[in-house]
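Here the structure comes first, spelled out in C-alpha coordinates, and everything after it is commentary.
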Amino acid sequence: MPVMRSVFYVPGNKEEMIAKIPRIPADVITLDIEDSVPPAEKQKARELSHKNLKFAASSGADVYSRINNWETGMTNADCEAVVDEGLAAVCLAKCGGADDVKRLAWKLQEMEQRRGLEVGSVKIQLLIETAKGMMNVYAAATASPRVNSLIFGAVDYTTDMRVTLTQPIGEEQKWARARMACAARAARIIAIDCPYVAFRDTEGFEKDTLYGRQLGFEGRMLIHPSQIEPSHRIYSPAPERVEWAREVVKVFEEEGIAKGSAAVSYKGHMVDTPVYIGAKKILDTQMEIEARERRRAGK
(Lines give C-alpha, C1' and ligand atoms only; values in the text may rest on other atoms or scores of the structure.)
Protein backbone atom coordinates (compact mmCIF):
# COMPACT_ATOMS: atom_id res chain seq x y z
CA MET A 1 0.00 0.00 0.00
CA PRO A 2 1.52 3.35 -0.99
CA VAL A 3 2.32 5.98 1.63
CA MET A 4 0.09 9.06 1.37
CA ARG A 5 0.96 11.11 4.44
CA SER A 6 0.53 14.33 2.47
CA VAL A 7 -1.75 14.96 -0.52
CA PHE A 8 -0.93 18.43 -1.82
CA TYR A 9 -3.18 20.22 -4.30
CA VAL A 10 -1.94 22.52 -7.07
CA PRO A 11 -4.42 24.37 -9.33
CA GLY A 12 -3.92 22.96 -12.81
CA ASN A 13 -4.30 26.35 -14.47
CA LYS A 14 -1.59 28.16 -12.46
CA GLU A 15 1.73 27.87 -14.27
CA GLU A 16 3.61 29.74 -11.55
CA MET A 17 2.41 27.28 -8.90
CA ILE A 18 3.12 24.25 -11.06
CA ALA A 19 6.67 25.54 -11.51
CA LYS A 20 7.20 25.27 -7.73
CA ILE A 21 6.24 21.57 -7.53
CA PRO A 22 9.83 20.20 -7.44
CA ARG A 23 10.32 22.10 -4.17
CA ILE A 24 7.19 20.61 -2.56
CA PRO A 25 8.14 17.42 -0.63
CA ALA A 26 4.65 15.90 -0.57
CA ASP A 27 3.94 12.19 -1.03
CA VAL A 28 1.19 12.95 -3.55
CA ILE A 29 0.91 15.98 -5.84
CA THR A 30 -2.60 16.50 -7.20
CA LEU A 31 -3.00 18.65 -10.29
CA ASP A 32 -6.49 20.04 -9.83
CA ILE A 33 -9.03 20.54 -12.58
CA GLU A 34 -12.02 20.84 -10.24
CA ASP A 35 -12.93 23.39 -7.57
CA SER A 36 -9.72 25.44 -7.57
CA VAL A 37 -10.18 26.12 -11.31
CA PRO A 38 -12.92 28.48 -12.57
CA PRO A 39 -15.11 27.26 -15.47
CA ALA A 40 -13.41 29.49 -18.05
CA GLU A 41 -10.01 28.01 -17.11
CA LYS A 42 -10.90 24.30 -17.23
CA GLN A 43 -9.41 23.67 -20.67
CA LYS A 44 -6.22 25.50 -19.76
CA ALA A 45 -5.99 23.38 -16.60
CA ARG A 46 -6.41 20.20 -18.63
CA GLU A 47 -3.69 21.19 -21.07
CA LEU A 48 -1.23 22.32 -18.42
CA SER A 49 -1.88 19.27 -16.26
CA HIS A 50 -1.17 16.93 -19.16
CA LYS A 51 1.93 18.87 -20.15
CA ASN A 52 3.32 18.70 -16.60
CA LEU A 53 2.61 15.09 -15.55
CA LYS A 54 6.26 14.02 -15.78
CA PHE A 55 7.50 17.37 -14.48
CA ALA A 56 5.35 16.98 -11.35
CA ALA A 57 6.65 13.44 -10.87
CA SER A 58 10.21 14.80 -10.85
CA SER A 59 9.54 15.94 -7.27
CA GLY A 60 9.55 12.30 -6.19
CA ALA A 61 5.81 12.36 -5.56
CA ASP A 62 3.04 10.27 -7.08
CA VAL A 63 1.05 12.46 -9.47
CA TYR A 64 -2.74 12.52 -9.26
CA SER A 65 -5.32 14.69 -10.98
CA ARG A 66 -8.62 15.73 -9.41
CA ILE A 67 -11.33 15.55 -12.05
CA ASN A 68 -14.86 16.90 -12.11
CA ASN A 69 -17.72 14.58 -11.11
CA TRP A 70 -20.02 12.99 -13.67
CA GLU A 71 -22.92 15.38 -13.04
CA THR A 72 -20.88 18.26 -14.46
CA GLY A 73 -20.57 16.67 -17.90
CA MET A 74 -16.81 17.36 -17.82
CA THR A 75 -15.45 14.03 -16.57
CA ASN A 76 -14.78 12.51 -19.99
CA ALA A 77 -12.92 15.61 -21.18
CA ASP A 78 -10.86 15.66 -17.98
CA CYS A 79 -9.88 12.00 -18.40
CA GLU A 80 -9.01 12.46 -22.07
CA ALA A 81 -6.66 15.25 -21.04
CA VAL A 82 -4.79 13.72 -18.11
CA VAL A 83 -4.80 9.93 -18.47
CA ASP A 84 -1.35 9.36 -19.89
CA GLU A 85 2.13 8.22 -18.94
CA GLY A 86 3.15 9.74 -15.62
CA LEU A 87 -0.32 9.83 -14.05
CA ALA A 88 -0.67 7.56 -11.03
CA ALA A 89 -4.36 8.13 -10.31
CA VAL A 90 -7.39 10.29 -10.81
CA CYS A 91 -9.31 11.70 -7.86
CA LEU A 92 -13.05 11.71 -8.56
CA ALA A 93 -14.66 14.69 -6.89
CA LYS A 94 -18.05 14.39 -5.15
CA CYS A 95 -18.33 10.66 -5.63
CA GLY A 96 -21.92 9.65 -4.97
CA GLY A 97 -21.67 5.88 -5.04
CA ALA A 98 -20.56 2.67 -6.72
CA ASP A 99 -22.01 3.49 -10.14
CA ASP A 100 -19.80 6.59 -10.39
CA VAL A 101 -16.76 4.42 -9.71
CA LYS A 102 -17.70 1.65 -12.14
CA ARG A 103 -18.27 4.19 -14.91
CA LEU A 104 -14.88 5.77 -14.26
CA ALA A 105 -13.13 2.40 -14.11
CA TRP A 106 -14.57 1.52 -17.51
CA LYS A 107 -13.41 4.84 -18.94
CA LEU A 108 -9.89 4.36 -17.58
CA GLN A 109 -9.62 0.85 -18.99
CA GLU A 110 -10.76 2.03 -22.41
CA MET A 111 -8.20 4.84 -22.36
CA GLU A 112 -5.36 2.62 -21.13
CA GLN A 113 -5.99 0.20 -23.97
CA ARG A 114 -6.25 2.99 -26.52
CA ARG A 115 -3.09 4.75 -25.33
CA GLY A 116 -0.92 1.72 -24.77
CA LEU A 117 -0.82 1.98 -21.00
CA GLU A 118 -0.82 -1.02 -18.69
CA VAL A 119 -4.43 -1.92 -17.93
CA GLY A 120 -5.16 -1.16 -14.29
CA SER A 121 -2.16 1.14 -13.88
CA VAL A 122 -4.20 4.31 -13.30
CA LYS A 123 -5.75 4.10 -9.84
CA ILE A 124 -8.84 5.82 -8.47
CA GLN A 125 -9.06 8.03 -5.41
CA LEU A 126 -12.52 9.02 -4.23
CA LEU A 127 -13.37 12.37 -2.69
CA ILE A 128 -16.32 11.82 -0.36
CA GLU A 129 -17.92 15.20 0.27
CA THR A 130 -21.70 14.86 0.19
CA ALA A 131 -24.31 13.20 2.39
CA LYS A 132 -25.11 10.79 -0.46
CA GLY A 133 -21.46 9.92 -0.91
CA MET A 134 -21.03 9.34 2.82
CA MET A 135 -23.97 6.96 2.99
CA ASN A 136 -22.60 5.01 -0.01
CA VAL A 137 -18.91 5.19 0.89
CA TYR A 138 -18.17 1.49 1.44
CA ALA A 139 -19.98 0.42 -1.73
CA ALA A 140 -18.01 3.01 -3.68
CA ALA A 141 -14.72 2.00 -2.07
CA THR A 142 -15.22 -1.63 -3.12
CA ALA A 143 -16.70 -0.98 -6.57
CA SER A 144 -13.37 -1.40 -8.38
CA PRO A 145 -9.95 -2.82 -7.52
CA ARG A 146 -8.52 0.44 -8.88
CA VAL A 147 -9.73 2.35 -5.80
CA ASN A 148 -6.75 2.89 -3.51
CA SER A 149 -7.88 5.67 -1.17
CA LEU A 150 -10.69 7.88 0.11
CA ILE A 151 -10.50 11.57 0.98
CA PHE A 152 -13.00 13.25 3.29
CA GLY A 153 -14.04 16.61 1.84
CA ALA A 154 -15.25 18.44 4.94
CA VAL A 155 -15.95 21.81 3.33
CA ASP A 156 -18.41 20.52 0.75
CA TYR A 157 -19.78 17.94 3.17
CA THR A 158 -20.75 20.53 5.77
CA THR A 159 -22.18 22.73 3.02
CA ASP A 160 -24.32 19.82 1.84
CA MET A 161 -25.38 19.14 5.43
CA ARG A 162 -26.27 22.84 5.88
CA VAL A 163 -24.06 23.20 8.92
CA THR A 164 -21.05 25.36 9.74
CA LEU A 165 -17.55 23.93 9.39
CA THR A 166 -15.55 24.22 12.61
CA GLN A 167 -11.96 23.18 13.29
CA PRO A 168 -10.16 21.71 15.14
CA ILE A 169 -12.19 18.55 15.80
CA GLY A 170 -15.53 19.94 14.70
CA GLU A 171 -18.47 18.08 16.25
CA GLU A 172 -20.32 18.24 12.92
CA GLN A 173 -17.60 16.13 11.26
CA LYS A 174 -16.91 13.46 13.89
CA TRP A 175 -19.42 10.89 12.67
CA ALA A 176 -18.47 11.33 9.02
CA ARG A 177 -14.74 11.14 9.68
CA ALA A 178 -15.14 7.98 11.74
CA ARG A 179 -17.46 6.38 9.19
CA MET A 180 -15.13 7.10 6.30
CA ALA A 181 -12.01 5.89 8.10
CA CYS A 182 -13.81 2.67 9.01
CA ALA A 183 -15.05 2.18 5.45
CA ALA A 184 -11.53 2.60 4.08
CA ARG A 185 -10.13 0.08 6.53
CA ALA A 186 -12.90 -2.39 5.72
CA ALA A 187 -12.12 -1.99 2.02
CA ARG A 188 -8.37 -2.34 2.76
CA ILE A 189 -7.53 1.03 1.27
CA ILE A 190 -6.14 4.29 2.67
CA ALA A 191 -8.18 6.99 4.44
CA ILE A 192 -7.06 10.58 3.84
CA ASP A 193 -8.34 13.25 6.22
CA CYS A 194 -9.95 16.54 5.22
CA PRO A 195 -8.09 19.81 4.65
CA TYR A 196 -7.42 22.04 7.64
CA VAL A 197 -8.43 25.41 6.26
CA ALA A 198 -6.82 27.67 8.91
CA PHE A 199 -3.32 26.89 7.66
CA ARG A 200 -1.65 29.42 10.00
CA ASP A 201 -3.11 27.66 13.05
CA THR A 202 -0.29 25.15 13.50
CA GLU A 203 -1.36 24.09 16.98
CA GLY A 204 -4.91 23.43 15.85
CA PHE A 205 -3.67 21.57 12.77
CA GLU A 206 -1.56 19.20 14.84
CA LYS A 207 -4.35 18.62 17.38
CA ASP A 208 -6.88 17.91 14.65
CA THR A 209 -4.49 15.68 12.70
CA LEU A 210 -3.65 13.62 15.78
CA TYR A 211 -7.38 13.16 16.37
CA GLY A 212 -7.82 11.94 12.80
CA ARG A 213 -4.83 9.65 13.13
CA GLN A 214 -6.51 7.97 16.10
CA LEU A 215 -9.62 7.44 13.96
CA GLY A 216 -7.56 5.55 11.41
CA PHE A 217 -6.57 8.17 8.85
CA GLU A 218 -3.14 7.67 7.32
CA GLY A 219 -2.64 10.99 5.57
CA ARG A 220 -4.13 14.41 5.00
CA MET A 221 -5.17 16.62 2.12
CA LEU A 222 -3.07 19.78 2.48
CA ILE A 223 -3.52 23.32 1.25
CA HIS A 224 -0.24 24.93 2.35
CA PRO A 225 3.41 23.74 2.25
CA SER A 226 3.82 24.50 5.97
CA GLN A 227 1.45 21.61 6.73
CA ILE A 228 3.66 18.98 5.07
CA GLU A 229 6.26 18.56 7.83
CA PRO A 230 3.82 18.07 10.72
CA SER A 231 1.67 15.78 8.59
CA HIS A 232 4.66 13.60 7.73
CA ARG A 233 5.74 13.52 11.36
CA ILE A 234 2.30 12.53 12.66
CA TYR A 235 1.62 9.92 10.00
CA SER A 236 5.07 8.32 10.16
CA PRO A 237 5.88 5.67 12.79
CA ALA A 238 7.83 7.21 15.68
CA PRO A 239 11.46 5.98 15.87
CA GLU A 240 10.76 4.20 19.16
CA ARG A 241 7.79 2.39 17.59
CA VAL A 242 9.96 1.26 14.68
CA GLU A 243 12.57 -0.08 17.09
CA TRP A 244 9.86 -1.82 19.13
CA ALA A 245 8.45 -3.38 15.97
CA ARG A 246 11.84 -4.69 14.88
CA GLU A 247 12.42 -6.32 18.26
CA VAL A 248 8.91 -7.78 18.42
CA VAL A 249 9.20 -9.31 14.94
CA LYS A 250 12.60 -10.77 15.77
CA VAL A 251 11.47 -12.27 19.09
CA PHE A 252 8.22 -13.67 17.69
CA GLU A 253 9.90 -15.25 14.66
CA GLU A 254 12.80 -16.71 16.63
CA GLU A 255 11.03 -17.73 19.84
CA GLY A 256 7.51 -18.23 18.56
CA ILE A 257 7.20 -19.26 14.92
CA ALA A 258 10.49 -21.18 14.84
CA LYS A 259 9.52 -23.15 17.97
CA GLY A 260 5.87 -23.75 17.12
CA SER A 261 4.43 -21.25 19.60
CA ALA A 262 1.72 -18.65 18.88
CA ALA A 263 2.66 -16.41 21.80
CA VAL A 264 5.91 -15.26 23.39
CA SER A 265 6.96 -12.89 26.16
CA TYR A 266 8.71 -9.61 25.36
CA LYS A 267 9.71 -7.24 28.16
CA GLY A 268 6.94 -8.50 30.40
CA HIS A 269 4.22 -8.31 27.72
CA MET A 270 2.61 -11.07 25.71
CA VAL A 271 3.26 -10.97 21.99
CA ASP A 272 0.81 -13.04 19.95
CA THR A 273 -0.05 -13.16 16.25
CA PRO A 274 -2.11 -9.90 16.09
CA VAL A 275 0.72 -7.99 17.82
CA TYR A 276 3.23 -9.53 15.40
CA ILE A 277 1.11 -8.55 12.39
CA GLY A 278 0.82 -5.00 13.72
CA ALA A 279 4.58 -4.79 14.15
CA LYS A 280 5.11 -6.05 10.60
CA LYS A 281 2.79 -3.33 9.28
CA ILE A 282 4.81 -0.66 11.10
CA LEU A 283 7.99 -1.95 9.46
CA ASP A 284 6.32 -2.11 6.04
CA THR A 285 5.19 1.51 6.38
CA GLN A 286 8.67 2.59 7.45
CA MET A 287 10.23 0.78 4.49
CA GLU A 288 7.85 2.51 2.07
CA ILE A 289 8.64 5.92 3.62
CA GLU A 290 12.38 5.30 3.32
CA ALA A 291 11.97 4.15 -0.28
CA ARG A 292 10.03 7.31 -1.11
CA GLU A 293 12.66 9.50 0.49
CA ARG A 294 15.37 7.76 -1.54
CA ARG A 295 13.38 8.39 -4.72
CA ARG A 296 12.97 12.02 -3.75
CA ALA A 297 16.70 12.39 -3.00
CA GLY A 298 17.56 10.92 -6.39
CA LYS A 299 14.99 12.89 -8.35
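The values are calculated or read from the model by the stated rules, or taken from the named source; none is laboratory data. Treat the numbers as computed from the prediction; the structure is a model and nothing was measured. Glycine also receives a Cβ, built like all others from the backbone with ideal geometry; neighbour counts cover every protein chain displayed. For accessibility, only protein heavy atoms count, side chains too; no ligands or nucleic acids. Shrake-Rupley method; radii C 1.70, N 1.55, O 1.52, S 1.80 Å.
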In nanometres, what is the gap between the two model label sites at Val155 and Asp99, each 7 Å from Cα along Cα-to-Cβ? 2.9
Say a paramagnetic label sat at a point 7 Å from the Cα of Glu85, along Cα to Cβ; which residues of the range 52-75 have their backbone N under 12 Å from it? 54
Would you kindly compute the Cα radius of gyration of the chain and its largest Cα-Cα separation (Dmax), both in Å? 20.0, 68
Long-range amide H partners of Ile151, meaning residues 5 or more apart or on another chain whose placed amide H is closer than 5 Å, are Leu126, Leu127, Ile128, Ile192
Under the Karplus relation with 6.51, -1.76 and 1.60 and θ = phi - 60°, whole-Hz ³J(HN,Hα) for the range 10-21, x at Gly and Pro, equal 10, x, x, 9, 9, 4, 5, 7, 4, 4, 8, 4
Would you give the gap between the C-alpha center of the range 191-246 and the C-alpha center of the range 133-184, rounded to a whole Å? 17
Whole-Hz Karplus ³J(HN,Hα) for the range 150-167, in order, using 6.51 cos²θ - 1.76 cosθ + 1.60 and θ = phi - 60°, x for Gly and Pro? 10, 10, 8, x, 5, 5, 5, 4, 5, 4, 5, 7, 6, 10, 8, 6, 10, 9
How much length would be gained if the chain were fully extended between Glu172 and Leu210, taking 0.36 nm per residue of separation minus their Cα-Cα distance, in nm to one decimal? 11.9 nm
What residues qualify as long-range amide H neighbours of Leu222, i.e. H under 5 Å apart, gap of 5 or more or another chain, H built at 1.01 Å from N? Val7, Phe8, Tyr9
Kindly state, to the nearest 0.05, the FRET efficiency for Thr164 paired with Ala262, given R0 = 41 Å and r defined as their beta-carbon distance. 0.20
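Take every Cα pair under 8 Å in the chain that's 6+ residues apart, average their separations, divide by the length, and report that relative contact order as a whole percent. Each step should come with its number before you reach the end.
Working: 538 pairs, mean separation 47.2, N = 299.
That works out to 16 percent.
Could you compute the FRET efficiency for Lys281 and Thr202, with r as their C-beta to C-beta distance and R0 at 35 Å, rounded to 0.05? Before the final figure, lay out the partial values.
Working: r = 29 Å, r/R0 = 0.83.
Between Lys281 and Thr202 the formula returns 0.75.
Counting other Cβ atoms within 10 Å, which trypsin sites (Lys or Arg not before Pro) in the range 148-204 have at most 13 and lie in a DSSP loop?
Working: sites: Arg162, Lys174, Arg177, Arg179, Arg185, Arg188, Arg200; in loops: Arg162, Arg188, Arg200.
Taking the range 148-204 and a limit of 13 other Cβ atoms within 10 Å, the loop trypsin sites (Lys or Arg not before Pro) found are Arg162, Arg188, Arg200.
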For the chain, the longest site-free run once GluC sites (Glu not before Pro) in DSSP loop states with at most 14 other Cβ atoms within 10 Å are removed: 119-299
Give the calculated FRET efficiency between Phe55 and Glu290 to the nearest 0.05, with a Förster radius of 22 Å applied to their Cβ-Cβ distance. 0.35
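Which trypsin sites (Lys or Arg not before Pro) does the range 1-77 hold that lie in a coil by DSSP with at most 14 other beta carbons within 10 Å? Write down the numbers at each step before the final one.
Numbers: sites: Arg5, Lys14, Lys20, Arg23, Lys42, Lys44, Arg46, Lys51, Lys54, Arg66; in loops: Arg5, Lys14, Lys20.
In loop regions of the range 1-77 (DSSP not H, G, I, E or B), the sparsely surrounded trypsin sites (Lys or Arg not before Pro) are Lys20.
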Got a number for carbon plus sulfur as a percent of the range 1-94's accessible area, 1.4 Å probe? 54
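From largest accessible area down, sort Asp208, Asp100, Asp35; use a 1.4 Å probe on the protein chains.
Working: Asp208 0, Asp100 25, Asp35 90 Å².
Most to least solvent-accessible, the answer reads Asp35, Asp100, Asp208.
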